[in-house]
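To keep things clear, I will list the structure first and then write my remarks on it.
No value in this document is a laboratory result; all are computed from the given coordinates. From a predicted model like this one, the values you see are computed outputs, not experimental measurements. Cβ placement follows ideal geometry from the backbone for every residue including glycine, while neighbour counts extend to all protein chains displayed.
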Amino acid sequence: MEQILDLIGNYVSEAFEMAGYDRELGRVTVSNRPDLCEYQCNGAMAGAKRYHKAPLQIAQEVAEHLEGCDAFDSVEAVKPGFLNLTLSGELLSGFLNEMKDDTRLGVPEAEVRKKIIIDYGGANVAKPLHVGHLRSAVIGESIKRILRYMGHETIGDVHLGDWGLQMGLIIAQLRSQKPDLVYFDESYDGEYPEEAPFTISELEQIYPEASRRSKEDEAFRAEALKATEQLQHGNRGYRAVWQHILDVSVEDLKKNYDSLDVSFELWKKESDAQPYIPGLVEYLKKEGYAHLDQGALVVDVAEESDTKKIPPCMILKSDGASLYNTTDLATIVMRMENWNPDHIIYVVDKRQDLYFTQVFRCARKTKLVGDSTELTFLGFGTMNGRDGKPFKTRDGGVMRLEMLISDINEEMLRKILENHETDQNEARDTAKTVALSAIKYGDLSNQASKDYIFDTDKFTSFEGNTGPYILYTMVRIKSILRRFMEESGLGRDELDSLVILPAADECEKSLGLTLTAFAPAVLQAAGELAPHKICGYIYELANQFNHFYHETKILTQEKEAQKESYIAQLSLTLRVLECGIDMLGFSAPEKM
Ligand code: ARG
């Protein structure tokens, strides 16, 4: 289906042509002075030089050709040469009727369907999920859904951190706590037990304890380093413990991501990239990309135009150990070999910006990726508390994601029960749904790269630019539609075959105009990888709807065709909002 600006632009282009000018000049934009008109065309300004004429004169000639055109209610040529356009009710309702019959709600599919890997989540095995990981999960999931809506093939990969020192720390700690476990008996060559020697809550205590100890106890730290190395070199018992850590952790992580409605197509881990490292090192040496620098193997990635120093990308330390970026490069090799993506997007803390610059440059320079594969680093800012410092628990500890979610759930439940009496269980489910919107919308409505303040009171409010406000608006529409369906006997789908009439008044027209802006908002969000554009749009739509709702008698409207038109427009509004929040990664309850 055609985009609204193209549709309007066609009429204006036609008029430019009839007046003897290039039709290209007829491009139309949304008005930057909504108090004066709805759309504008600046083509006469651009044409003035070319045709040696005053812009106002050109604009006037074009306006004359648009006189009587049924697409517009008014066309005005104004100084110094703009065309101010106001749409006719017929054109708008025609567009809306087409939009409601389109399963894609007027959003065109991407011309080229790409295969896109989104690297997000990035949790570290055995370390509890904390709020720092929230942003990656929430933003990555939304980006994935937006791109998927555009018709791309999207593959989300959680890229678990399971290969670093934290594994050695846990093994060393476990060994000192339970030295008799069979995993630590070097002469043992039988099968290892299937059951893990710890539960998730034990595991979660082992890591912080080990981490604390390693900072005070030199000998323990050395042990942990050695355990890490032995694990990486295939020590059988350590491998078995590592596998248990992984299994126990992943089960718990899945639960956490589930509660956020975040899911991954791939559960790849840093360890999965390790088998690619020897080949990678070999290749980099053979092709002459890598050289030795004080015993370490490095690839230079500095470029002449750099304004700040970009250090070389280190592939192997002087002791032969690989690093975080060796793993990332090997992961690129693995991804190219297995999926050959057109684009890889990394949704990671923006403090890793320089790091990814090095990795991307190295991957390009050494031709691990070809020119047709795009690499994007989408760095996000820090989530702070109301004091402007990184978000903490009330007593100043590191905030666990689970805690945060349950705090918001409780707060939402309190608010819902305060509003009206409902069944406790039902209220609990509703609270969960609304709480998720509070958390996700609170995050996504900010430009990802900026730090933001997680303000529980603000985010859980039913008023203002919040998730609960959007959901509240949707529930309001649902309840009107429900009452209409009871009254008319029509089903949900049948509502969409009702006809939208030309707007009866200004606030209905504003709602209609806002609906037409859905496709441009989605295209922009997809093009800029910017979920906050979706938030901005649905907030505007919710406001327009609420304004209309307060000004209009909907169900008590006497003229049946008018009432049906309102209902059709409401149903379309609801579908657009549903589609929008789905791209943000949450959903609306039936009642609240
Ligand atoms: N596990 C990492 C961390 O917690 C994030 C991983 C990001 N992705 C990547 N390909 N390096 O910092």
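Taking the three principal axes of the alpha carbon atoms in the stretch 225-291, the coordinate ranges are 48, 30, 16 Å, sorted in descending order.
The count of lysine pairs in the stretch 417-503 whose Cα atoms are under 21 Å apart, excluding pairs fewer than 8 places apart on the same chain, comes to 6. Amide H contacts of residue 453: 384, each under 5 Å away and 5 or more positions distant or on a separate chain (H built 1.01 Å from N in the peptide plane; Pro and chain starts excluded). Take every Cα-Cα pair in the stretch 293-425 and report what % of them are more than 22 Å apart. Here the tail beyond 22 Å accounts for 58 percent of pairs. For the pair residue 236 and residue 317, the difference between a 0.36 nm per residue extended length and the Cα-Cα distance amounts to 26.7 nm. Taking Cβ atoms as reference points and 15 Å as the exclusive limit, the residues near residue 460 contribute a net charge of -2, counting Lys and Arg as +1 and Asp and Glu as -1.
Would you mind calculating the gained length between residue 492 and residue 364 on full extension (0.36 nm times residue separation, minus the Cα-Cα distance), in nm to one decimal?
Values: separation 128, 0.36 × 128 = 46.08 nm, distance 5.19 nm.
Gain on extension, residue 492 to residue 364, equals 40.9 nm.
For the pair the stretch 258-327 / the stretch 435-480, the C-alpha centres are spaced 39 Å from each other. Couplings 3J(HN,Hα) for the stretch 180-185, derived from phi with the Karplus relation 6.51 cos²θ - 1.76 cosθ + 1.60 (θ = phi - 60°), are 7, 4, 4, 5, 9, 8 Hz, where x marks Gly and Pro.
Taking a ≥ b ≥ c as the square roots of the eigenvalues of the Cα gyration tensor, an a/c ratio of 1.5 or more together with a/b larger than b/c marks the stretch 498-592 as prolate.
Candidate cross-link partners of residue 591 among the aspartates and glutamates, defined by an alpha-carbon separation under 15 Å and a same-chain spacing of 8 or more, comprise 418, 421, 423, 426, 429, 578.
Taking H as built 1.01 Å from N, whose amide H comes closer than 5 Å to the amide H of residue 72, not counting residues under 5 places away? Answer set, sorted by chain and number: 88. The helix-only estimate of mean residue ellipticity at 222 nm for the chain, built from DSSP H runs of length n ≥ 4 each weighted as -39500 (n - 2.57), is -17500 deg cm²/dmol after division by the residue total. Applying a 4.7 Å Cβ-Cβ cutoff to the chain leaves 37, 41, 69, 507, 535, 579 as cysteine residues with no disulfide-compatible partner.
Between the stretch 69-147 and the stretch 413-430, how many Å separate their Cα centres? Centre-to-centre distance over Cα atoms comes out at 33 Å. If R0 equals 25 Å, the separation of the Cβ atoms of residue 226 and residue 267 corresponds to a calculated FRET efficiency of about 0.30.
Extending 7 Å from the Cα toward the beta-carbon at both residue 258 and residue 49 defines two label points whose distance is 6.3 nm. The angle between the Cα long axis of helix 165-177 and the main principal axis of the chain comes to about 50°, on a 0 to 90 degree scale.
Under 1.5 on a/c is rounded, so check that first for the chain, then, if it is not, pick prolate when a/b is larger than b/c and oblate when it is not; a ≥ b ≥ c are the square roots of the alpha carbon gyration tensor eigenvalues. Because a/c hits 1.5 or more and a/b fails to exceed b/c, the chain counts as oblate.
The residues 433, 456, when put in order of fewest to most other Cβ atoms within 10 Å, stand as 456, 433.
Extension gain for residue 67 to residue 450 (0.36 nm times residue separation, less C-alpha to C-alpha distance): 133.1 nm.
Relative contact order of the chain, taken over Cα pairs closer than 8 Å and 6 or more residues apart, is 14 percent. Rounded to the nearest whole Hz, the Karplus-based 3J(HN,Hα) values (6.51 cos²θ - 1.76 cosθ + 1.60, θ = phi - 60°) of the stretch 349-366 follow the sequence 3, 5, 5, 8, 4, 4, 4, 6, 4, 4, 4, 5, 4, 4, 4, 6, 4, 8, with x at glycine and proline. Evaluating 6.51 cos²θ - 1.76 cosθ + 1.60 at θ = phi - 60° for every residue in the stretch 262-267, the Karplus couplings come out as 10, 9, 10, 6, 10, 10 Hz, glycine and proline recorded as x. Take the Cβ atoms of residue 398 and residue 557, set R0 to 60 Å, and the FRET efficiency comes out at 0.60. Based on C-alpha pairs under 8 angstrom that are at least 6 apart in sequence, the stretch 263-359 has a relative contact order of 27 percent. If you take the Cα centroid of the stretch 346-390 and the Cα centroid of the stretch 525-592, the two points sit 35 Å apart. Between helix 424-444 and the chain there is an angle of about 90 degrees, using the helix long axis and the longest principal axis of the Cα atoms. Taking Cα centre as origin and charging only the Cβ of basic (Lys, Arg, +1) and acidic (Asp, Glu, -1) residues, the dipole magnitude of the stretch 240-317 rounds to 260 debye.
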